[in-house]
Structures are given as structure tokens and as C-alpha cells.
Amino acid sequence: MVKMVESDEIFQFGFIIDTISANQVTIKNIERELICPACKELYTHPLILPCQHSICHKCVKELLFMTLEDSTDVSSEASTPGSPRGRMQSPSVERIDRLLRSASYRSSLTLRSRGSKRNSLTPRMTTLSCPGCLHDIDLGERGISGLFRNFTLETIVERYRQAARAATAIMCDYCKPPAQESTKSCMDCNASFCNECFKVNHPWGTIKAQHEYVGPTTNFRPKVLMCPEHEMEKVNMYCEICRRPVCHLCKLAGSHANHRVTTMSNAYKTLKEKLTKGISYLISKESQVRTQICELEILIQQTVINGDRAYEEATYNFEKLYNILEERKTFALKSIQNSKSTRLEKLQNQMEEYQGLLENNGLVGYAQEVLKETDHSCFVQTARQLHTRIQKASDSLKTFRPAADSNFEEYFVEVSKEVDLLNDLAFTKALDIPEIDVDQSYVYNKAKICWKQPDHEDSVDSYILEYRKLDKSEDIPWTEVETTSTSKILSDLETNSAYSFRVRGCRGSVCSSRSREVTLQMPPAPVFNFLFDDKCGYSKEHILLNAQRDSVESIAGFPLLHGAERVQVGCYMCLDYIIGDCGITKGRHFWAISVASHSYLVKVGVASDIKLQEWLHNPRDISSPRYDQDSGHDSGSEDISYDASQPFTLATIGMKKFFIPKASNVSSIHTERALPLPNRIGVCLDYDKGVVGFYDADTMKCLYEREVDCIGTMYPAFALMGGGEICLVQSITAKHLDYSHET
């Protein structure tokens, strides 16, 4: 169902124009709203479809009719200059409405006489696809004649056309040549007049003097909106079920008889309020949209710059590989060529040498002839030299070995590994983005920021932690700190300030994207360091203090059972108090504690040493259930008329709740008195102003503040009753961080 605020109701565009004008928005900014989704041109006689989108009259006809009907058809009767019969003169607005109603009337008579058979005035199809929302729209039996004309949109289009042709004046229709520039247009006469002609044609005391006139215009629309089903009735009601204007006959006996309707003035008021809110919201977000557009422009520029840089770097790296391959290729081919030449030379020499052995055939014949010599002395003289030559030839035949190897296996280039590397050559895998661990990160006297690496930590060599102070008045730049661990302690942060943190991982020269920003609030004052005092008012029978004096626990034992007889006389059990071993005499200080979830009743706050001494030395009426001002009655709330001599100003904690008192000197932003117990409770004492505040130490949000009488030295004070445990929050130190890693 289309929402009312989204519908093109009557007068809504006129109101939009008024609102835009009031906010000094130029009319040219609404051009996209004045374009027909079908023809992509300015609307011409727009009609409102059942889906509440507007479309030109000619566009509806072109979508409905498969072919043009003859001149008696509605489509040809109501042609406009932009339609397929643009060469015909465009009829007036009144003529179009009259033809539509006439066609509807004749069509209904034909339907009643012939059943469901259509006449020539009925379109061949009554279903079309809305070019605005692409939904199929059924126009019903009435077709185009059942649609409202969007007169208001026509007015806006005309205003836009006038703004576009502001230099072209509308001339008076009644002036004798030369015509004067018109100053007003009469909606009843459908003509424009200059001042003189208007006075002549609308004399005082006549009916024409009552005509409605506007500024110069060429758009003369009817003054009232008529019902498309009851041609002679004006639209004066609004159907809330169908979300469309109707007349009183539609409500009495028409299709809207059982529908809920309202007056047109109420519908106008409702739509006006909704459109006012919507337009005001859009205009209020204009600066935000402009800022986002600027950010997008910067991102586009950065994308172009970074893309070009990446392109150049990739080209450089590949060219570098090409040069190395070319160099190695030249070296390898030259080595093969040199070896080839050397081997060929050796083999050629050897071949020539062996060709000389072919001469052994003549040597053998010569030796055979020598053997025929019978003279011993002559034979010996010749045979000795001949034997040396034959022996040499015989030895060379026995030890034949090629002078060079024809195999070039040692010159084979193994590139399988290099091929695999080149096939795997791609962009460096982006590092996973680390994420700041909000549960492990907190601020106190310093800031301890921890983060997690989604991937294996070996894939990251180091981290860069960025932080900056949040200041509305100025944009403070980010400060970067590099570390190899997944945590970092920062000590240069200011109190009572909010800081934003983000981190990114690095491996070599490659860095991951930055993590999402996490904002942490520093304490409202410098941290006050102290331990529990085991001397002043400390009861070893009821509370147990650890060796480090940073944790105290309320215990129930035999001493409590021994005093159980006091319950018989209606005496309440008292609180056991303990204070800090350091006091405050000036300035503003902050400390934090954590209370065990099983604690029944715990109180935290401050105490005055002067009042504390008086309170310890003066006897108290322990028989009265009200002797202890902070005994925990009334769900731990403080009494409105508390005793001014009471040394303690405490807040009550118990059963996983933090209780806000109802005293008159307490200021709180919370309406409920019992709040969920935070993980850590912070106490801030402003000695000079006499104010103590209680905080959620995780978010540094103040739960409530109250006045306190700062006399003498003020000490951190605590009280317990029943089972309970209080632990001081340790200051953040590098040593503490190392211990936390070991555990």
C-alpha cells in the first residue's frame, strides 16, 4: 500500500513550491521531479495513476492504444502537440475534460446495452505498466476517463517554464498593436491583460470585477477539481481507505459508501504537516549531503591517484622482470653459442686428422713392397722408420675418442619453479584488519588499548596504533605509535577528554586497512592512588583485608553469632567501615573500585577525618534502629534529613544494583533510583567545590552527584554488611601489562 506521505495528493506540489521558496531553494533544482518517466520530457497535461505516480496524458494513450483510432476516438480528440498527431492543433484543457467525460458516458451506455462488449470509444486494453514504479496498473472499465488530472503539477511545470524563459514576457491579449507586456492573467477570461486593458475589461461594479486573477501565465486551469465519476460534482472529501479525493455522491451511493472519509481541509492539513516535516528534514540534511559529496569527490580523486600509482608500480615491476629475463636470456644464448663454436672447431680438427689416416692404405702397400727387399742392411734402414709410422697409426685407431661432446644437457635451463612463481604472480594479499577489543581496553590513569588479529599473528610484523583527542572546536590530527604486540599503554592523554582509537597491521611495506574507531572517555579528574587503611576503624572480626591491602571482604563468623541476641530487642546490625590510607585536602581527584556481584550491601564514598574522630569517640545509641545513618534501610537510600554530623557521604550498592538516593542535595540524570551495577564504580571528589560524583567507570558517565561538607582531610570511605567484596582498580602500568600477558 502506498503511504499517504508518498502520494501525489491535491495541492501537495503547490505546498512544496511554497516551502522551497521559503527556504530559498531555486526552482531549477526540482527539474527532475517535473520530468515524465515515460517520455523523459516536461509533463504535458499529467494524470495521476492509481499507484500515485503522474504521467503525461499523451503517454498514457501511447501505452494503452496499440494503434491510433480515427478522429472520433478519445485519443485523437484529446491529442496534444507531443502526441503522434502533433501536427493537429492541441485542444484546450476544458475540451479535453469534456471529451473524456463524454466518451466515458457513451462507453457506459454501450456497456449497459451490450454487456461486456466495448464500443469504439473504449481502449483495447485497460492495463499498463507504470514507467515510474514498473508495476502493472489496472485502470478499470473507465480507462483514462477515471484518472484525475494533476492540476497542481501542471502549475509547477508552468512555473518552471516561466522561470526558464524569464526573458520572454507574456503579452497582453487585448492591446492594439503594438501589444504591451501583461501584468496579470484572468482565470475566468482565460486571457492575459496589461493594467489598462484589465481595468477596461473588468470595470468596478460588474460581475467581471469579481474574476480571479493571478500573475502573467499561459496555463489557465479550472478553478475546481471535478469528480471523474460524477461530472457535475466537485471533489470535497478525501477517502482514507482508497487515499484519493471523492465527492459526496461517491460517499453516499458510490464505490466509497462504506469507506472512511474525511474533509478535504483535514486531509490538506495532515498532508501539509507531513510534507512540512519531510521537507524540513531534507533541507536540514543539505549540509550533511554536501559534506558527503565533498568526501566522495575526495575519494574519487584518491581513487584516480592511487589507481594510477598502482598501475605505474605494476608496470615498473613487470618491466623489471622483463629486463632481468632479457639479461639472463642474452647470457644463456651467448654461452650456448660460444660452446657450440668451440666444439665444432675441435671436432673439425679431429675429422681432418682422421681423414689423414686414410693415407694408411698407401703406407700398407709401401710396407708390403719393403718386405720384398732381400738385402738385410737396406731393409733395416727403411723398415725402422716405416715401423714407427705404422705403430703410430695403429695406436690412433685403438684409442678413438671424439674431441668434443655433442650433448648440450648442461645448458638446459630449468624454469619449472619460475613458471610456477610467475603463474602465481598476483597482487599482494591484503592483510586482515585487526579489531580493537573493547572488553579488554579501558582508561584510568593511562589508557590500555588491546586488539585482536583475525588471521595468524605471524602474518603481521608490527602494528600502528593511532589515537587523537576529540574536540568539537578543531580537528586534531592522529598520533601514531608502532608496536609489535597486540596491546599498548598510552600515558600522554588528558583527563576529562574523549579519545578515538584505531589500529592497523603491517608486514614489510604493506599495511592493512584501519580498524573501526573506538571512543573511550578519560576520567573526569586525575587518578588518586591509595590502599585500604588497616588501622583507623578497621574491624578484623567482621571484614578481611588481603595482604596487598587492595581488596576487602565482609565475612560472617562466630562474632556475628555471639551478637545475635541483640536481634531479640529489635536492633539492626551495623555496617563495618574502612577508609583509605591517603587523604585529600584540595583539588579534584578520581578513583575506581569493583564490587563483587554476590555482595549484599556495600557503600562507597568519602569521609571527613574531623567528623570521623568525633563519630568514633562519641557513643552511639545502638538500641535505636536509626543510630546508623547509612544502615541500608529503604533499599539503601539516604535520608532526606540526614544528620550534618555524619562523617560519611556514601552511595549504596547491593544485589547487582546501584541505588540513587532521594535526598534534596542529589542531582541525577536518571529517573529510576535502582540502576544496573556497572563493572566498575568511579568516585570523583571536588574538594574545592564540595561535590562528590559517582560514575560508571567503564564509560565515565556520571550516575549522580551530591554536595559534601569538605572539612579537614577527606578520605575514600567504604562500608560493608553481610557478604560482600570490594577491590580497588589498579593503576595501569607497563609492569601490570606484562603480568596480564603472562596470565
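Results, tabulated for the structure shown:
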{"item": "Difference of contour (0.36 nm per residue) and Cα-Cα distance, Phe379 to Glu327", "result": "11.9 nm"}
{"item": "Full-extension gain in nm, Asp581 to Phe408, via 0.36 nm per residue minus C-alpha separation", "result": "53.2 nm"}
{"item": "Protein-only accessible surface order, largest first, of Val200, Val443 at 1.4 Å", "result": "Val200, Val443"}
{"item": "Amide H contacts under 5 Å for Ile555, placed H, 5+ residues apart", "result": "Ile543, Leu544"}
{"item": "Solvent-accessible ranking of Phe400, Phe148, largest area first, probe 1.4 Å", "result": "Phe400, Phe148"}
{"item": "Förster radius 22 Å - calculated FRET efficiency between Lys269 and Met187 (Cβ-Cβ, nearest 0.05)", "result": "0.30"}
{"item": "Point-to-point label distance, Gln368-Cys536, nm (Cα→Cβ direction, 7 Å offset)", "result": "14.0"}
{"item": "Relative packing of 31-38, 45-52, 225-232, which averages over residues the other C-beta atoms within 10 Å, highest first", "result": "45-52, 225-232, 31-38"}
{"item": "Stokes-Einstein diffusion coefficient of the stretch 472-538, Kirkwood radius over Cα pairs, 20 °C, 1.002 mPa s, in µm²/s", "result": "136"}
{"item": "Per-pair calculated FRET efficiency, R0 = 30 Å: Glu494 and Arg549 via Cβ, rounded to 0.05", "result": "0.50"}
{"item": "D_trans [Stokes-Einstein, Kirkwood Rh over alpha-carbon pairs] for the stretch 211-319, 20 °C, 1.002 mPa s, µm² s⁻¹", "result": "109"}
{"item": "Sequence ranges 500-506, 448-454, ranked by mean other-Cβ count within 10 angstrom, highest first", "result": "500-506, 448-454"}
{"item": "For the stretch 686-693, Karplus couplings with θ = phi - 60° (6.51, -1.76, 1.60), whole Hz, Gly/Pro x", "result": "9, 5, 5, 8, x, 9, 10, x"}
{"item": "Added length on full extension, which subtracts the Cα-Cα distance from 0.36 nm per residue, Gln391 to Trp478", "result": "21.7 nm"}
{"item": "For peptides 287-294, 264-271, 596-603, 211-218, sequence by mean Cβ density within 10 Å, most packed first", "result": "596-603, 264-271, 211-218, 287-294"}
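The values are calculated or read from the model by the stated rules, or taken from the named source; none is laboratory data. These figures come from a predicted structure and were not determined experimentally. With ideal geometry, Cβ positions are generated from the backbone for all residues, glycine too; neighbour counts draw on all protein chains shown. Surface accessibility is based on the protein's heavy atoms, side chains included, excluding ligands, DNA and RNA. Shrake-Rupley method; radii C 1.70, N 1.55, O 1.52, S 1.80 Å.
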